[in-house]
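**Student:** Provided herewith is a single structure, encoded as structure tokens, for subsequent inquiry.
What follows draws every value from the coordinates through simple rules; no lab data is involved. From a predicted model like this one, the values you see are computed outputs, not experimental measurements. Using ideal geometry, Cβ is built from the backbone for each residue, glycine included, and neighbour counts are taken over all protein chains shown.
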Amino acid sequence: MIIKIRDAMNDISRNKSKKKLSELQFRITQQSATEPPFSHEGFEKGTKLFECVCCDSILFKIENKFESGSGWPSFWSPFSAEAITEHKDESYGMVRTEVKCSNCNAHLGHVFEDGPEPTGLRYCINGAALNGKK
Ligand SMILES: [Zn+2]
């Protein structure tokens, strides 16, 4: 019974998040799609924080953003170690590390080990999965 209630609540929050998402946001965050490179219009000038488009959790901050030339927003660190979770992704015949929102499990992008110092990491994130906040 408890499990049933929990499932029902999960469904409610899933549906809630579906409602306010665009089709692209839904496909990225819920179905692990990737937006085309250089397709994101960018964030408003003065944006300081980047929130999950599904649940508003703070995922990245401007201090950790860098220009990677990849065509996707890139960060060398998440906002905090707790903000995201990392998962092995072997789809498309590649071994990559998928990055998800730790709060709502939304797919965000992938992390690669060719980023700048101090971490050497490149969090390659779909712009449509993030909301910029000033
Ligand atoms: Zn989230």
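**Student:** Among the residues of region 70-117, which ones are within 12 Å of the ligand (Cβ to nearest atom) and without any contact (Cβ under 8 Å) to a residue 24 or more places away in the chain?
**Tutor:** Listed by number, the residues that qualify are Thr85, Lys100, Asn105.
**Student:** Kindly list the number of the only condition in (1) in contact (Cβ under 8 Å) with a residue 40 or more places away in the chain; (2) more than 16 Å from the ligand (Cβ to nearest atom); (3) more than 20 Å from Glu35 (Cα to Cα) that fails for Ser57.
**Tutor:** So the condition that Ser57 fails would be (2).
**Student:** Which condition from (1) touching a Gly at 6+ places or on another chain (Cβ under 6 Å); (2) at positive phi is the one that Trp76 breaks?
**Tutor:** Result: Trp76 fails condition (2) only.
**Student:** Do we have any residue at all in region 119-133 that's under 15 Å from Cys52 (Cα atoms), among the basic types (Lys, Arg) and either in a loop (DSSP other than H, G, I, E, B) or under 10 Å from the mean Cα position of the chain (by Cα) (or both)?
**Tutor:** No: zero hits.
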